[in-house]
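Please treat every number below as a calculation from the coordinates, not as lab data. Small disclaimer: the values here were computed from a predicted structure and weren't measured. All Cβ positions, glycine included, derive from the backbone under ideal geometry; neighbour counts span all protein chains shown.
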Amino acid sequence: MKTSHTFGGDWTEQKLERLQKYLKAYTTIFTKNKRAQKLIPIYVDAFAGTGYRTKPLQLTESLSLFEEFTEPEVENFLKGSAWLALEVKPSFQKYIFIEQNTAHVKELQKLQTIFSGKQDNIQIIQSDANNWLQDWCRDTDWKTHRAVVFLDPYGMQVEWKLIEALAKTKAIDLWLLFPIGVAVNRLLTKGGKPPLVWEQTLTRVFGTEDWRDNFYSEKTETTLFGDNDVTVKEADFAKIGEFFVNRLKTVFSEVAENPLPLRNSQNTILYLLCFAAGNPTGAKTAVRIAQHILKP
């Protein structure tokens with residue numbers, strides 16, 4: 001029986017359209033620039049799914065409690081990021097698709113038949129993306145390789161240590177879907193600081209505990225029974241997004257200042273589509289292109 005990979009909505013179309021535009025610009029540079037022609041360009045899809053999609057993602061039980069995050073279902077076949085990347089011309093010299101789900105991996109393998117001319121250039125990895133990519137960053141010869149990495153998690157799977165590893169190569173352009181609405185803002189509770197396990201998750205994603213001072217403040221409230229010290233949430237979507245962009249700036253050469261808010265049909269922000277460039281030589285050009293693509 002065919003395995004369905006369900007996710008998306010109009011915001012998914014926006015995300016994929018912008019990614020594909022950048023990939024076309026990226027491979028064109030590697031075709032026309034004589035110095036770049038000596039390098040091997042790689043496309044990496046770290047949460048590749050099946051390579052296609054048939055209807056929107058059914059949110060986790062905890063998130064489905066929030067009606068503003070639900071989307072109407074769509075049954076028609078739609079191409080996913082892995083498929084669209086394989087269609088890009090000029091082509092990458094290598095494609096790496098990473099996925100943990102066994103059924104999804106089997107569907108991904110069909111892309112090697114569909115794109116038979118690129119079969120030898122496609123590598124499909126069944127693994128945890130955080131761990132596998134960190135090893136890959138360490139073991140690849142970055143004097144001869146360059147890459148675009150697309151991190152498109154369902155939630156908060158991307159750990160900061162992976163982002164650091166990607167940046168450390170000085171050779172990777174990163175497209176990242178940051179789960180600002182579907183996850184991060186939900187963990188930043190209004191009534192006092194989050195539970196310990198949520199705090200640990202936020203620290204793992206941001207790579208620092210500084211989010212506490214940036215997103216919360218201590219205030220004194222006067223009541224009939226005296227003064228009480230309370231913890232107040234100061235963070236809104238703008239402040240959370242700015243904080244994450246600034247975190248990216250601590251490790252990448254250049255970062256796009258205008259991450260794109262991706263909204264569902266009820267105008268609720270789900271994700272921020274972010275871009276960062278690692279190679280100091282080409283970073284300014286890469287970010288200029290990305291910032292133009294990211295315009296609403």
(message) Can you find, among 230, 137, 270, the residue sitting farthest towards the positive end of the charge dipole of the chain, where Lys and Arg contribute +1 and Asp and Glu -1 at Cβ?
(response) 137
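Using every Cα-Cα pair within the chain, state what percent have a distance larger than 30 Å. Present the calculation step by step, with values, prior to reporting the outcome.
Working: 14318 of 43660 pairs.
Summing the P(r) of the chain above 30 Å gives 33 percent of all pairs.
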(message) Taking the Cα centre as origin and putting +1 on Lys and Arg beta-carbons and -1 on Asp and Glu beta-carbons, what dipole magnitude results for the chain, to the nearest 20 debye?
(response) 1700
(request) Would you mind working out the magnitude of the charge dipole of the stretch 157-296 relative to its Cα centre, with +1 at each Lys and Arg C-beta and -1 at each Asp and Glu C-beta, to the nearest 20 Debye? (result) 600
